[in-house]
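Report on one structure; see the data block that follows.
Values quoted throughout were computed directly from the atomic coordinates according to the rules given, and no laboratory measurement underlies them. None of the values given here were measured: they were computed from a predicted structure. No Cβ is skipped: glycine too gets one built from the backbone with ideal geometry, and neighbour counts run over all protein chains shown.
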2 protein chains.
Amino acid sequence: MKLIDGKKIASEIKTEIVAEVELIKKNGGKIPHLAAILVGHDGGSEIYVANKVKACEEVGFKSSLIRFEDDVTQQELLAKVHELNLNNDIDGFIVQLPLPKQINKQKVIEAIAPQKDADGFNPVNIGRTVIGLPSFVSATPFGIIELLKRYKIETSGKYCVVLGRSNIVGRPLSILLSQKGKFADATVTVLHSRSNNIKEICCMADIIIAALGQPEFVKANMVKEGAVVIDVGTTRVKSELTKSGFKLTGDVKFDEVATKCSFITPVPGGVGPMTIVSLLKNTLLAAKKEIYK
Amino acid sequence: MKLIDGKKIASEIKTEIVAEVELIKKNGGKIPHLAAILVGHDGGSEIYVANKVKACEEVGFKSSLIRFEDDVTQQELLAKVHELNLNNDIDGFIVQLPLPKQINKQKVIEAIAPQKDADGFNPVNIGRTVIGLPSFVSATPFGIIELLKRYKIETSGKYCVVLGRSNIVGRPLSILLSQKGKFADATVTVLHSRSNNIKEICCMADIIIAALGQPEFVKANMVKEGAVVIDVGTTRVKSELTKSGFKLTGDVKFDEVATKCSFITPVPGGVGPMTIVSLLKNTLLAAKKEIYK
């Protein structure tokens, strides 16, 4: 069994990005610039955005944090999005979710110029992903594909089960994995809350991606000997073993599953660390105009 | 075994659309108007567009045919698309494919306003389909879902195999069938040219959608007793039995498969007749502003 070390890969990618930024600087190019819009003071969102800003600094990007209070109107928020769309210094930007209830989240997402949509949530980018055109892919699927690449995990012709059909993980990942190309060309089945025979279908899988948000859902008796298991789950579960009283728990019962796997991601330290570097990668792609030429 | 009669259903839907158009007229509303852009004189395209125009007339829609010669420039074509986007009398329009090689097909498709994209090929509509927002769905997947509805074929929790991952049939259909909702919620596997164990996986299927364009690919030994089989294939195969010397052949070996099925679509007369009514339905949805409110 080989552990997929997301922390190590994320760190390697950061080093690669630093080198790219150095090169851009040396050639007198424009430093990549990511902006983040943060509405209100939700604890989780504050931390996520702070981590994104910090990651930008680490790799030498410029970053901007734009704050609104909880009572921001839809109109104000959309006006800021339009402003960022037109601001040539900003290569990519994100609007941190969730948004307060007076805001139509979808309207905001669709207002972001696809060329600057570093989160890859705009339907234009999702649609382009589906038909195999260059596109910004959202952070978690992007990060998982990157892990498969870095560990040279063969996917062509493999039977791959994606547990969960969320718009930001399961669905886009299932599409990416079954598309034509390298680190794709898999035979993909999407399982979800209405699926039957989940255990039997998982037992057929060469690759299992668990992204349903149910702690320790995938047990050893659902996994074929030698399978690759990618665990996207990160649920805070009560624990007496930690100081905080909580433990980050994946969708896979790691201890019993790991022994059967060829590769497995731990939680934490597997998929998680890849999400922020995926955002950095998207920002770099946006700055280099590699998606929309 | 029950035959799914696409011709009959298509005719029923046309009658329903006629009634809707009558009602719109009676209430002094605007008659739905579909425009089609046809470039060059490709025989197939001429026939397809003529059939679309004829179908519009049959249900009481207004239709416009806009012709360009083979040597049209990208700029001229895009200018026409923009003109149609802005023309308030036109509710929806299509650009008949294929286009000559000097034209960037994707640029043209992306120039069509999503609100008027009756073919559902614009990435915005594809992306919205993926995330479960109201959208224009392309004709063949739309027609197939409609057939399942009309024959009250249960899909929730069923194991569904889609053979083929094309952008206009297999891919969107696989997404629609595995989404939340009625006539969806299926467990979907997409099989394609790189898939292994195709026979074994097909044998598990409650529903098989064959959309790979390989005549008589699906044999009896690939189909479970009682399965539902939808045949999207329409390949012209040489035949000594027809006057034309050709026979339209599906992706399913109908004679031997039909006896095992609970439901099956014939070729011709199954999925085929549904495609044009799907285009009419999209035009009606566009005219009624039911997708983009």
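A few notes on this one:
- Three-way shape label, the stretch B:240-281, alpha-carbon gyration tensor, a/c 1.5: oblate
- Helical mean residue ellipticity (222 nm; -39500 (n - 2.57) per DSSP H run of 4+; nearest 500) of chain B: -12000 deg cm²/dmol
- Applying 0.36 nm per residue to the separation of A:E154 and A:N167 and subtracting their alpha-carbon distance, the gain on full extension is 2.2 nm.
- Legend: mean number of C-beta atoms from other chains within 10 angstrom of residue C-beta atoms, peptide B:165-177, equals 3.
- Averaging 1/r over each pair of different alpha-carbon atoms in chain A and inverting the result gives 19.9 Å, the Kirkwood hydrodynamic radius.
- Cα shape, the protein assembly as shown, gyration tensor, a/c 1.5 rule: oblate
- Estimated FRET transfer efficiency (B:L3, B:L133; beta-carbon r; R0 41 Å; 0.05): 0.75
- Projected onto their three principal axes, the Cα atoms of the stretch B:183-293 cover extents of 48, 42, 29 Å, largest first.
- Cβ neighbours within 10 Å from other chains - mean over B:108-120: 1
- Note on A:K26: lysines with a C-alpha under 21 Å away, same-chain residues under 8 apart excluded, are A:K14, A:K62, A:K281, A:K288, A:K289.
- Normalised convex hull volume, the stretch B:211-275, alpha-carbon set, Å³ per residue: 87 Å³
- Those lysines that a straight Cα-Cα span of less than 18 Å connects to A:K152, excepting residues fewer than 8 apart in one chain: A:K2, A:K7, A:K8, A:K180, A:K182
- Estimated FRET transfer efficiency (B:K199, B:I31; beta-carbon r; R0 45 Å; 0.05): 0.35
- Considering only B:R165, B:R194, B:R236, the Gaussian network model of chain B with Cα springs below 10 Å gives its largest mean-square fluctuation to B:R194.
- Relative exposure of B:E256, B:E200, judged by other C-beta atoms within 10 Å (fewest first): B:E200, B:E256
- Distance between the stretch A:136-173 and the stretch B:120-181 - C-alpha centres, whole angstrom: 21 Å
- Length gained when the stretch B:D89-B:E12 is fully extended (0.36 nm per residue, less Cα-Cα span): 25.0 nm
- Placing a pseudo-label 7 Å from each Cα along the Cα-to-Cβ vector at A:K289 and A:H41 gives an inter-label distance of 4.2 nm.
- Taking GluC sites (Glu not before Pro) across the stretch A:63-92, the ones in a DSSP loop with at most 10 further Cβ atoms lying within 10 angstrom of their Cβ are A:E69.
- Extension gain from A:L65 to A:F246, taking 0.36 nm per residue of separation minus the Cα-Cα distance: 62.2 nm
- Shielding by other protein chains, A:128-135, mean Cβ within 10 Å: 5
- Within the same chain, aspartates and glutamates fewer than 8 places from A:K253 are excluded, and of the rest, those with a Cα less than 14 Å from its Cα are A:E216, A:D231.
- Coordinate range of the alpha-carbon atoms in the stretch B:66-142 per principal axis, descending: 39, 28, 18 Å.
- Taking the inverse of the mean reciprocal distance over all distinct Cα pairs, the Kirkwood hydrodynamic radius of the stretch B:1-132 comes to 16.3 Å.
- Restricting the trypsin sites (Lys or Arg not before Pro) of the stretch B:7-81 to loop positions (DSSP other than H, G, I, E, B) with no more than 13 neighbouring Cβ atoms within 10 Å leaves B:K30.
- Summing Lys and Arg as +1 and Asp and Glu as -1 over all other residues whose Cβ lies under 13 Å from the Cβ of B:S262 gives a net charge of +2.
- Euclidean distance of C-alpha centroids, the stretch A:1-66 and the stretch B:256-286, integer Å: 50 Å
- Computed on the stretch A:118-244, the Cα convex hull volume stands at 142 Å³ per residue.
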